[in-house]
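The values are calculated or read from the model by the stated rules, or taken from the named source; none is laboratory data. All values reported here derive from a predicted model rather than from experimental measurement. Ideal geometry is used to build each Cβ from the backbone, glycine not excepted, and the neighbour counts take in all protein chains shown.
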Amino acid sequence: MSCSENNIPKPRAYFKLNLPEKKYESYNSNCNYTFMLPTYTTAKLNVDCDINNIYFPQQDAILHVSYFKLKNNLFEHLEESRNLAYKHQIIADGITEQVFVNDSLKVYGVLYDYFGVTATSIQFCLTDSVNHFFRGALYFNTEINDSITPINIFLKEDMRYLIETFSWKK
């Protein structure tokens, strides 16, 4: 660099995200539950409906979901879900809990929303408090950093919509 060169500031650069349009379809299977899923997901079903994975290929994320038939053990499942959720407390900047209640569909649950750099960005559990228990945890297949924040926010909206549209089959 010579003394006669003028330094010109470089413009700020932002990466461009092409997030898909929010469209949903009913996730209807032989399982004891149904909900709305984004059309940009792929669901892999376990024959017994106890463990399933929902993939978000464009966002390189996966939602691990598990289902349990309750046998007078609701408290155990609630405590296990809470313990799993708070395992990330050590590295999270914060965790908020949001309670969901839908009396008409008998769906009750808690959503754990994480802030900061954690392995999971959101977890939740849903139950009818008598027969069914459903749990989900969203993970990214990449190192968590600030650059995925817009994707994280985008997918958290989908998780909330899944919970709001969740229902048990009779």
* In the range 103-122, what count of residues is obtained for those that are in contact (Cβ under 8 Å) with a residue 40 or more places away in the chain and part of a strand (DSSP E or B)? -> 4
* Please go through the range 123-170 and pick out each residue that is among the aliphatic types (A, V, I, L, M), assigned to a loop (DSSP other than H, G, I, E, B) and over 21 Å from HIS88 (Cα atoms). => VAL130
* Out of (1) hydroxyl-bearing (Ser, Thr, Tyr); (2) at negative phi; (3) surrounded by 12 or more Cβ atoms within 10 Å (Cβ to Cβ); (4) modelled with pLDDT of 95 or more, the odd one out for SER129 is which? -> (2)
* To do: Specify the residue that is surrounded by the most Cβ atoms within 10 Å (Cβ to Cβ); the eligible residues are those in the range 132-170 that are of a type in the set (Asp, Glu) and more than 24 Å from ASN30 (Cβ to Cβ).
  => GLU157
* Of the residues TYR108, TYR55, TYR40, TYR114, which single one is at pLDDT below 95, surrounded by 13 or more Cβ atoms within 10 Å (Cβ to Cβ) and in contact with a strand residue (DSSP E or B) (Cβ under 8 Å, 6 or more places away or on another chain)? -> TYR114
* Quick one: TYR86 ticks every box in (1) surrounded by 15 or more Cβ atoms within 10 Å (Cβ to Cβ); (2) aromatic (Phe, Trp, Tyr); (3) under 15 Å from ALA137 (Cβ atoms) except a single one, so which number is it? => (1)
